[in-house]
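As C-alpha cells, the structure follows; a few thoughts come after it.
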Amino acid sequence: MEPSNHGEGFGMNSGMEGASGGALPPSLTEEEAEELRVELTKVEDEIQTLRQVLSAKERHAADIKRQLGISPLSEIKQNITKGWQDVQSSNVYLTASATLEDISRSDAYKKTQETLSQAGQMTSAALSSMGSAISQRFGEMRSSSSFKNLEDKIVNMGKK
C-alpha cells in the first residue's frame, strides 16, 4: 500500500489504510486489522443467515395463522386489547386514576365545575339573544325600501 500524505485532521498516519480507504489507527497493526476484517466478514455473514432464518420463520408463522383463521385485523384487535389491558393495570394508570378521583371529589373541583357550568349557560343565553337580534335586524332590512329596490333590480335583470 502506498503511504498516504494527506493528514485528515487526525495527525500523521502510519501509511496503512483500512478497508474503508481511511487510515488505520496508529495502535492497530496491519495484521490486527486483517484479523478484524475477517471477523467482521464472519459476523456479517452470520447476521445475513439469521435474517434468512427469521424471514423463513415469519413466513411459517403466517401460514399457521392463516390455517387457524387468524387474520391480520383480528391480530391487531387482539394486540390493541392486550395493550389497553396492560395500560389499565399499570401503576402509572392506577395512580393517575386514583388522583383524578381525588380531584373530582375536591371542593375546588366542584366549585370550578359549577362556575364553568354557569359561564356556559350565560354564554349560551347571550349567543341566543344575539342570534335573535341579528334575525330581527335582517327582517327589518328586508322590509326596508332600499332592500326592496335592490331586490326588484336583481329580479328585473334576470328577466332581460
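The values are calculated or read from the model by the stated rules, or taken from the named source; none is laboratory data. Everything quoted here is computed from the prediction, not taken from an experiment. Cβ coordinates were reconstructed from backbone atoms using ideal geometry, including for glycine residues, and neighbour counts include every protein chain displayed. Note: areas computed on protein heavy atoms with side chains; ligands, DNA, RNA excluded. Shrake-Rupley method; radii C 1.70, N 1.55, O 1.52, S 1.80 Å.
Among the residues of region 142-155, is any at pLDDT below 90, aromatic (F, W, Y) and open to solvent by 80 Å² or more (accessible area, probe 1.4 Å)?
No; the residues of region 142-155 include none that is at pLDDT below 90, aromatic (F, W, Y) and open to solvent by 80 Å² or more (accessible area, probe 1.4 Å).
Does region 55-92 hold any residues that are hydrophobic (A, V, I, L, M, F, W, C) and open to solvent by 100 Å² or more (accessible area, probe 1.4 Å), and which are they?
L68, L73, I80, W84, V92
Do we find a residue being modelled with pLDDT of 85 or more and either open to solvent by 60 Å² or more (accessible area, probe 1.4 Å) or within 30 Å of the chain's Cα centre (by Cα) (or both) anywhere in region 5-26?
Looking through region 5-26, at least one residue is modelled with pLDDT of 85 or more and either open to solvent by 60 Å² or more (accessible area, probe 1.4 Å) or within 30 Å of the chain's Cα centre (by Cα) (or both).
Can you name every residue in region 69-115 that is among the hydroxyl-bearing types (S, T, Y) and within 30 Å of E58 (Cα to Cα)?
S71, S74, T81
Under 9 Å between Cβ atoms, at least 6 apart or on separate chains: pull out the pairs that start in region 135-153 with a residue that is touching a residue at least 24 places away in the same chain (Cβ under 8 Å) and end on any residue that is open to solvent by less than 90 Å² (accessible area, probe 1.4 Å).
The qualifying pairs do not exist here.
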